[in-house]
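Below is one structure, written out as structure tokens; the observations come after it.
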Amino acid sequence: MQGISDIKIIGVDETRPPVIRKEPYIDIFFQLSHEAPIQWCKDFNTILATLSSSATIEEKKGLFINTWVRTTDEIAPLLEELKKSIIECTQQYIERIARENQLVINHDAAAAADTSAQGQLNRIIASLNFKDDNE
């Protein structure tokens, strides 16, 4: 199983190869190593919005970075920019998950340490088993 830190660009979409159009641009669809989570894609699009490129990723699919360039000379620099953005996005995503997990741990510890009547009630309610014996 691949994790979030394994996301990288592995090539271009073979079903949509880059083509020079009559208009002055070239569409490019970079393929990721595996599907990215929706929140990672949202974060990635936010990072991309601050860059000079027109790249985006479909949040629900999370497998292709859609972008375009005006000349072939722009392709390699764009790829390097996207690779850096992927690293930055992944770091931010992992840090946010770690912060959220720590908040849950801190909340659980605070609830467990609460010796008041309300704290005791909360622990009892949290430990109730609502499943039938047949499940």
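The values are calculated or read from the model by the stated rules, or taken from the named source; none is laboratory data. Keep in mind it's a predicted model, so treat the numbers as computed, not measured. So basically every Cβ, Gly included, is an ideal-geometry build from the backbone, and we count neighbours across all protein chains shown. These accessible areas exclude ligands, DNA and RNA; they are computed on the full protein's heavy atoms, side chains included. Shrake-Rupley method; radii C 1.70, N 1.55, O 1.52, S 1.80 Å.
Below, the figures for the structure above:
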quantity	calculated
Amide H partners (placed H, <5 Å) of Val12, local residues excluded	Gln31
Prolate/oblate/rounded call for the chain, Cα gyration tensor, a/c under 1.5 rounded	prolate
Virtual spin-label span in nm between Ser127 and Glu100, 7 Å along Cα→Cβ	2.9
Calculated FRET value between Gln31 and Glu88, using beta carbons and R₀ = 25 Å, to 0.05	0.80
Helical mean residue ellipticity (222 nm; -39500 (n - 2.57) per DSSP H run of 4+; nearest 500) of the chain	-16000 deg cm²/dmol
Which of Asp132, Asp27 is most accessible, then next, and so on - probe 1.4 Å	Asp132, Asp27
Estimated dipole of the range 1-64 in Debye, rounded to 20 [Cβ of Lys and Arg +1, of Asp and Glu -1, Cα centre]	120
Under Karplus coefficients 6.51, -1.76 and 1.60, residue-wise ³J(HN,Hα) of the range 51-62 in Hz, glycine/proline x	8, 7, 7, 9, 6, 8, 10, 5, 5, 7, 9, x
In Hz, Karplus ³J(HN,Hα) per residue of the range 29-45 (6.51, -1.76, 1.60; θ = phi - 60°; x = Gly, Pro)	10, 7, 9, 8, 5, 7, 5, 8, x, 4, 5, 4, 5, 4, 4, 4, 4
Distance between modelled label sites at Ser54 and Ser5, nm, 7 Å Cα→Cβ extension	3.6
Under-5 Å amide H pairs with Leu63, H placed in peptide plane, nonlocal only	Ala36, Glu58
Packing-based ranking, highest mean first, of 97-103, 31-37 given that Cβ atoms within 10 Å are counted	31-37, 97-103
When each of Lys61/Lys131; Lys60/Lys131; Lys22/Lys84; Lys60/Lys84; Lys22/Lys42; Lys60/Lys83 is checked by Cα-Cα distance, pairs over 24 Å	Lys61/Lys131; Lys60/Lys131; Lys22/Lys84; Lys22/Lys42
